[in-house]
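Everything below concerns the one structure shown next.
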Amino acid sequence: MNTKSRHISISGLSVEIVRKNIKNLHLGVYPPHGRVRVATPLPVSDQAVRLAVIGKLGWIKRHQARFENQPRQSFREMVNGETHYFLGRRLRLRVIESKGASRVILKSPAKLELHVQANTSSTKREQLLNSWYRQQLQTRIVPLANKWEAIMDVQAAEWRIRKMKTKWGSCNIAARRIWLNLELAKKPVQCLEYIIVHELSHLIERHHNDRFVAIMNKHLPQWRRYREELNAAPLAQESWRY
């Protein structure tokens, strides 16, 4: 899909306008600092976009304030005593230098062990931990995807994981391929389930319209509570740069 992007100032806000071959205008506010983006059909004028944004200023300000007040993790140095998250729980990291193969062990609900060789760099330690997160997330995606594909009578062709900057998930509708953010391994399982249902719903309805909301309400009535829980969870500092 061809797109044209530019920025304009509206009531003191910098707004990114992306024109696409779509039918409806979509307004979004994105972490970490409340970037405002409008995806709009090609013929829609800047003036029409201005009016749409002005009409939503209160909503935009509330979302920006929420992002600014949301707790953020400090930058990870991968050292003893550092706090990490898994399935919504806080874990204390213990780094153990050994001569064997590098590995990550969930020692208890509150302790995480990282076994590495001496002089392993912090970058390599982080890569090892992210690989562990990926494995853990993959094992939880499979049963949830199977469950909800059967319930919703829809099927994705492929599920993939990657670190994403501004989204918890995305859906390539043409390829029926769904991507999930690696950061979901750190969030409660119900948040992962919400994103899976959300992305599968896009295989039924492309846009975030009334039909999409009706699909979410039907299959996961408590989805708004899960969304709020996800949005309230601490953001990883290193994951939201763009």
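Among the numbered criteria (1) within 24 Å of residue 164 (Cβ to Cβ); (2) modelled with pLDDT under 90, which one does residue 23 miss?
Exception for residue 23: condition (1).
Can you name the number of the only condition in (1) surrounded by 14 or more Cβ atoms within 10 Å (Cβ to Cβ); (2) in contact with an Asp or Glu (Cβ under 8 Å, 6 or more places away or on another chain); (3) closer than 30 Å to residue 41 by Cβ that residue 211 fails?
(1)
Return the only residue of 159, 179, 148 being crowded, with 16+ Cβ neighbours inside 10 Å, of a type outside the set (A, V, I, L, M), touching a Gly at 6+ places or on another chain (Cβ under 9 Å) and modelled with pLDDT of 95 or more. Steps first, answer last, please.
Working: 159 fails: touching a Gly at 6+ places or on another chain (Cβ under 9 Å); 148 fails: touching a Gly at 6+ places or on another chain (Cβ under 9 Å).
After applying the criteria, what remains is 179.
Considering only the range 56-68, I want to know if a residue exists there that is at pLDDT 90 or above, of a type in the set (Phe, Trp, Tyr) and closer than 30 Å to residue 111 by Cα.
no
Does the range 127-138 contain at least one residue that is in a strand (DSSP E or B) and more than 21 Å from residue 190 (Cβ to Cβ)?
Scanning the range 127-138 turns up no residue that is in a strand (DSSP E or B) and more than 21 Å from residue 190 (Cβ to Cβ).
I'd like to verify a number: residues in the range 15-66 that are without any contact (Cβ under 8 Å) to a residue 60 or more places away in the chain and aromatic (Phe, Trp, Tyr), how many?
Residues meeting the conditions: 1.
Collect the residues in the range 17-72 that are among the polar types (S, T, N, Q) and surrounded by fewer than 14 Cβ atoms within 10 Å (Cβ to Cβ), keeping them in residue-number order.
21, 24, 45, 47, 69
Residues that are farther than 19 Å from residue 202 by Cα and part of a helix (DSSP H, G or I): does the range 143-150 have at least one?
Of all residues in the range 143-150, those farther than 19 Å from residue 202 by Cα come to 143.
Now narrow it down to the ones that are part of a helix (DSSP H, G or I): 143.
Checked against the condition, which is being farther than 19 Å from residue 202 by Cα and part of a helix (DSSP H, G or I), the range 143-150 yields at least one hit.
Does residue 203 satisfy the criteria of being among the hydrophobic types (A, V, I, L, M, F, W, C), surrounded by fewer than 20 Cβ atoms within 10 Å (Cβ to Cβ) and out of contact with any Leu (no Cβ under 6 Å at 6 or more places or on another chain)? Spell out how you get there, then give the answer.
Working: among the hydrophobic types (A, V, I, L, M, F, W, C): yes; surrounded by fewer than 20 Cβ atoms within 10 Å (Cβ to Cβ): yes; out of contact with any Leu (no Cβ under 6 Å at 6 or more places or on another chain): yes.
Considered against the rule, which asks whether it is among the hydrophobic types (A, V, I, L, M, F, W, C), surrounded by fewer than 20 Cβ atoms within 10 Å (Cβ to Cβ) and out of contact with any Leu (no Cβ under 6 Å at 6 or more places or on another chain), residue 203 comes out as yes.
The values are calculated or read from the model by the stated rules, or taken from the named source; none is laboratory data. All values derive from a computational prediction rather than experimental measurement. Counting neighbours? That spans all protein chains shown, and the Cβs are built from the backbone with ideal geometry, glycine included.
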